[in-house]
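Colleague: So that we are looking at the same thing, I have put the structure below in structure tokens.
The values are calculated or read from the model by the stated rules, or taken from the named source; none is laboratory data. Note that the coordinates shown come from a computational prediction; the quantities given were computed from them, not determined experimentally. Please note: Cβ atoms are built from the backbone with ideal geometry, for glycine as well, and neighbour counts cover all protein chains shown. Remember, those area values only see protein heavy atoms, side chains included, never the ligands or the DNA or RNA. Shrake-Rupley method; radii C 1.70, N 1.55, O 1.52, S 1.80 Å.
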Amino acid sequence: MFELRRRLCIQSASITGRLQSSTPPQPSTPLHQGPRYLRGRFAPVPEEQSAADLTVRGSLPPDLGGRCLRNGPNPLSGEDKGHWFTGSGMLHGIRLRRGRAAWYRNRWVRTRELEGHPFVRRDFTIDLTATPANTHVIRHAGTVLALCEVGLPYWVTPSLETVGPYDFGGRLKTAMTAHPKEDPATGELHLFGTGFAPPCLTYHRITAEGLLLDSRPIDVPGPTMMHDFAIGGCRRCRP
């Protein structure tokens, strides 16, 4: 057992807890060696850990409840993928309830890439499930999804355990952007998927209940790296 401080800035409160681990975390390389993205404050977290009934110093609003989740690249111990954007996705979460911090935990997203499967197969086809799922995390229609824009999202439980790749009942045939947009009026989720072969860009619309209702190819000259987009209301829209 060891003490590791975790802070969550909510008003004047800070949260600390005792994490469950057999040994203290050891960096994969000395903090003064290796690429910048693997050392110092950028060094990856080498273990999955859990803490319950965290100590709150200060106060949390009693009406503030739910889960605060974060996703980001976190390479396995000893792994260097050549860039700080490409590490395997790790989710961090803290559960707030009635002025208390009920738990903290972190979990790698168990993707096919984490298992060693290549994104590009030997026949040069793409495995949309072999991604790091390391860019964003959202909840839509009660489902928590870890996102990465080059492949399918990964479904995780509210306690951050991986269920598996999520294709909306077989309807999603393209990659999914890591930054979908929810319409505040209808609750629908708007998103796009890019690809290396036609259709290189596809627009998708998902209902507030989680049904992928509409998929429309968009004509573009060729493959492109499209990271984000915006939506807005209009009186008249042209297809």
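Colleague: Please compute the net charge surrounding Pro198, taking Lys and Arg as +1 and Asp and Glu as -1 over other residues with Cβ under 15 Å from its Cβ.
Modeller: Within the 15 Å Cβ shell, the charges total +1.
Colleague: Now, a different point. Report the full-extension gain for the segment Arg98 to Phe42: residue separation times 0.36 nm, less the Cα-Cα distance, to one decimal in nm.
Modeller: That works out to 16.9 nm of additional length.
Colleague: Filter the chymotrypsin sites (Phe, Trp or Tyr not before Pro) in region 191-230 to those in DSSP coil with at most 16 other Cβ atoms within 10 Å of their Cβ, and list the result.
Modeller: Listed in order of number, the matching sites are Phe196, Phe229.
Colleague: Below 13 angstrom from the Cβ of Thr129, what's the summed charge of the other residues (Lys, Arg +1; Asp, Glu -1)?
Modeller: 0
Colleague: Based on the alpha-carbon gyration tensor of region 138-213 and its eigenvalue square roots a ≥ b ≥ c, which shape applies: rounded if a/c is under 1.5, prolate if not and a/b is larger than b/c, or oblate?
Modeller: Verdict is oblate for region 138-213.
Colleague: Compare the Cα positions of Phe192, Gly89, Ala102 along the charge dipole of region 85-239 (+1 at Cβ of Lys, Arg; -1 at Cβ of Asp, Glu; about the Cα centre) and return the one farthest towards the positive end.
Modeller: Most positive-ward Cα: Ala102.
Colleague: Under the classification rounded if a/c is under 1.5, otherwise prolate if a/b is larger than b/c and oblate if not, where does region 92-226 fall, given a ≥ b ≥ c as square roots of the Cα gyration tensor eigenvalues?
Modeller: Since a/c reaches 1.5 but b/c is at least a/b, the shape of region 92-226 is classed as oblate.
Colleague: Using R₀ = 30 Å, calculate the FRET efficiency as 1/(1 + (r/R₀)^6) where r is the Cβ-Cβ separation of Asp219 and Ser77; round to 0.05.
Modeller: Efficiency, rounded to the nearest 0.05: 0.10.
Colleague: To the nearest 10 Å², what's Ile138's accessible area with a 1.4 Å probe?
Modeller: Rounded to the nearest 10, the figure is 30 Å².
Colleague: Using unit Cβ charges (K, R positive; D, E negative) and no other charged atoms, how large, in debye to the nearest 20, is the dipole of region 39-160 about its Cα centre?
Modeller: 520
Colleague: If you don't mind, another one. Along Cα→Cβ, 7 Å out, is where each label goes; now give me the distance between the ones at Phe196 and Cys68 in nm to one decimal.
Modeller: Roughly 4.0 nm, to one decimal.
Colleague: For region 133-215, which GluC sites (Glu not before Pro) are in a loop by DSSP, counting at most 14 other Cβ atoms within 10 Å?
Modeller: Within region 133-215, the qualifying GluC sites (Glu not before Pro) (loop, at most 14 other Cβ atoms within 10 Å) are Glu161, Glu209.
Colleague: Is there a quick way to get the dipole size of region 133-225? I mean about its Cα centre, with the Cβ of Lys and Arg at +1 and of Asp and Glu at -1; what is the value in debye to the nearest 20?
Modeller: Magnitude of the dipole: close to 100 debye.
Colleague: Using only the heavy atoms of the protein chains and a 1.4 Å probe, how would Arg98, Arg122, Arg110 rank by accessible area, largest first?
Modeller: Arg122, Arg98, Arg110
Colleague: Note down the relative contact order for region 161-239 as a percent, whole number, built from C-alpha pairs under 8 angstrom at least six residues apart.
Modeller: Relative contact order for region 161-239 comes out at 24 percent.
Colleague: Just check region 59-138 against the gyration tensor rule for me: Cα atoms, a ≥ b ≥ c as the square roots of the eigenvalues, rounded for a/c under 1.5, and otherwise prolate or oblate depending on whether a/b exceeds b/c.
Modeller: It comes out prolate by the Cα gyration axes.
Colleague: With every protein chain left in place, what is the accessible area per residue of region 53-202 in square angstrom, probe 1.4 Å?
Modeller: Heavy-atom accessible area per residue stands at 49 Å².
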